[in-house]
Each structure stands twice: as C-alpha cells, then as structure tokens.
C-alpha cells in the first residue's frame, strides 16, 4: 500500500540554534490514524504547517497526497462575512452534505448563518464537515474535538474513524486517552 504522507529526516526550527525537529520521519497509509502529542510549543501545529508547505524545512523532505485540515480554532478557519454554506461550496462539492450533517449532528439551517452566529462546537463541526466533503487523501486534525462536549466528541471521532477506508488521518491532540483510543501509533514530540 502506498504512503499518502512521507516525512523523511525532517529538521526544522525557527532558529538554527533551537530545532523543533531533528531527523523526524513518519509515514501514513490509507486507513491509518497517527496521533501527535506533546507539550505546548513542542511543534505539533508547526508540523502541520510544514506538511501544508506553509513553512520550509531546514533539512529533509515531505511528500503528501491531497489533504485538508481541521484547525484547532474554528473561528479562524472561516471568513467572518460569508455564510458557512458559501465557504464550504467554494472548496467542496455538496452532493453528500446531508449525509455528513446527520453524521456530525449538525442542523442544515446553521449553514446559512455567518460564523459568529454559531457556538464554537457548532462551528468546529462545520469545519469537520467542510474537510470531509473535500474528500482528502490525508486529513490533518488539529485538536478537532476540543470545542465539543464529550458526547458529540465521541460521535464525531467515531464518524471520522468510520471513514478511514477512504483516507488517512494525522491527529494533533493533548488528549492521551483519545489518541490511545483511535490511533494506530502515538508519536510524542
């Protein structure tokens, strides 16, 4: 099975004197979830920026298939003056929207609203909806359930795990229990 994400001997730091990563390597195949855990400032979100090619490594290489991301702060991932539905339609086909709305327990009427009109949990589920509709090979999840209550958190994670046949996931979390429950491998930074 081919790798959808290959990180080979990655080194990166904001200064050459203090590296966040030195010779970090990992691979991700379809059907796998790997979790990245670590203290604040350990480089978890920076790793996603490197994968998305927003930052350049000092050394090493990253190869990634088509990917989408769920950000930790859903308010920063949507433009404040456009409806959610418009923003989702800009990047993803809407054919399966009803199916996913039901799976993540989100009312379709909320998509006609502006981001600030939703709670953090509703907006985070809309962010997950958008990412799933994009049909990525790799889904990057940065604390995707931190804004959700425990019941909704479990429902959303079960839905994500149920879709592993079509993608791979890289999860950033502070929640060791969540990482242990869903991940094939937990990587500590």
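The values are calculated or read from the model by the stated rules, or taken from the named source; none is laboratory data. Just so it is clear, the model here is predicted, and its values are computed rather than measured. Positions of Cβ are backbone-derived with ideal geometry, glycine not excepted, and every protein chain shown enters the neighbour counts.
Numerical summary
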| read-out | value |
| --- | --- |
| Residue that is touching a helix residue (DSSP H, G or I) at 6+ places or on another chain (Cβ under 7 Å), surrounded by fewer than 19 Cβ atoms within 10 Å (Cβ to Cβ) and at pLDDT below 90, where the choices are 150, 105 | 105 |
| Of residues in region 66-85 being under 22 Å from residue 139 (Cβ atoms) and surrounded by fewer than 15 Cβ atoms within 10 Å (Cβ to Cβ), the one farthest from the chain's Cα centre (by Cα) | 79 |
| Candidate set: region 41-62, residues that are within 17 Å of the chain's Cα centre (by Cα) and touching a residue at least 60 places away in the same chain (Cβ under 8 Å); chosen: the one nearest to residue 13 (Cα to Cα) | 43 |
| Criterion violated by residue 25 - all others in (1) in contact with a helix residue (DSSP H, G or I) (Cβ under 8 Å, 6 or more places away or on another chain); (2) over 24 Å from residue 158 (Cβ atoms) satisfied | (1) |
